[in-house]
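Read through the structure below, which is laid out as structure tokens, and then see the notes.
The values are calculated or read from the model by the stated rules, or taken from the named source; none is laboratory data. Since we're looking at a predicted model, the values are computed, not measured. Cβ placement follows ideal geometry from the backbone for every residue including glycine, while neighbour counts extend to all protein chains displayed.
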Amino acid sequence: MTEPLKANRGPSAGPENRAALIAAARAVFDEHGMDAPLSAVARRAGVGQGSLYRHFPDRFSLALAVFEENMAEIEEMAARPESTLRDIANLVTHQTEGTASFIQVAAANPPDGRVAEFEQRLRAVFEAKWDTSDELVGGETTLDDLMLAIAMIAGMAAQWPRDQRHAVAEASWRLLLRGLAS
């Protein structure tokens with residue numbers, strides 16, 4: 001049974017609809033992958049497809065909006081003085097488990113400035129928290145090493161069913177920590 005659409009409230013509903021679409025996309029993409037019908041996203045958000053396309057002209061733009069929320073959460077954590085490099089890497093890994101399909105979409109699209117911006121922001125977060133006494137990195141580990149490790153884990157997680165991604169990510173970290181922390 002499909003959910004009934006909300007009554008059209010005009011432009012005043014824009015911000016609420018956008019937030020509902022992002023939340024719905026996060027859930028739908030997590031459950032069914034990036035190839036899930038966008039109509040499923042609109043339905044879950046309780047809006048029409050016209051509203052979806054007014055906010056997000058294509059699937060990639062919608063995926064980027066989901067990822068923007070993830071990046072904001074990472075930056076919020078990094079702003080807390082007590083957060084560590086490992087805390088942030090754990091958060092990134094957790095987010096990757098839920099949005100693994102985004103990695104596939106980003107890799108399949110030609111170089112996009114919006115993706116490069118996320119990478120720069122993530123690098124800035126890690127640089128601000130860089131501490132070789134952290135259990136995550138050793139004295140010879142570089143930021144490029146850490147970024148590569150995260151990309152490898154994200155790529156690996158994307159290959160597994162949702163219910164197995166956490167175990168795969170944890171096993172990957174255990175293996176990679178042997179090299180990163182030395």
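Counted as qualifying within the stretch 36-135 are the helices (runs of 4 or more DSSP H) with 1 or more residues that are modelled with pLDDT of 90 or more and crowded, with 17+ Cβ neighbours inside 10 Å, namely 38-45, 49-55, 59-79, 85-98, 113-129.
Provide a single number: the residues in the stretch 154-174 that are surrounded by 15 or more Cβ atoms within 10 Å (Cβ to Cβ) and not aliphatic (A, V, I, L, M).
Residues of the stretch 154-174 surrounded by 15 or more Cβ atoms within 10 Å (Cβ to Cβ): 154-158, 160, 162, 165-166, 168-169, 172-173.
Okay, now just the ones that are also not aliphatic (A, V, I, L, M), so 155, 160, 162, 165-166, 172-173.
Summing the residues that are surrounded by 15 or more Cβ atoms within 10 Å (Cβ to Cβ) and not aliphatic (A, V, I, L, M) in the stretch 154-174 gives 7.
How many residues does the stretch 136-150 hold that are of a type outside the set (V, I, T), within 18 Å of H94 (Cα to Cα) and in contact with a helix residue (DSSP H, G or I) (Cβ under 8 Å, 6 or more places away or on another chain)? Let's see the steps before the verdict.
Within the stretch 136-150, the first condition is being of a type outside the set (V, I, T), and the residues that meet it are 136, 138-140, 143-149.
Retained after the next criterion (residues that are within 18 Å of H94 (Cα to Cα)): 136, 146-149.
If we keep only those that are in contact with a helix residue (DSSP H, G or I) (Cβ under 8 Å, 6 or more places away or on another chain) as well, we get 136, 146-147, 149.
Qualifying residue count, the stretch 136-150: 4.
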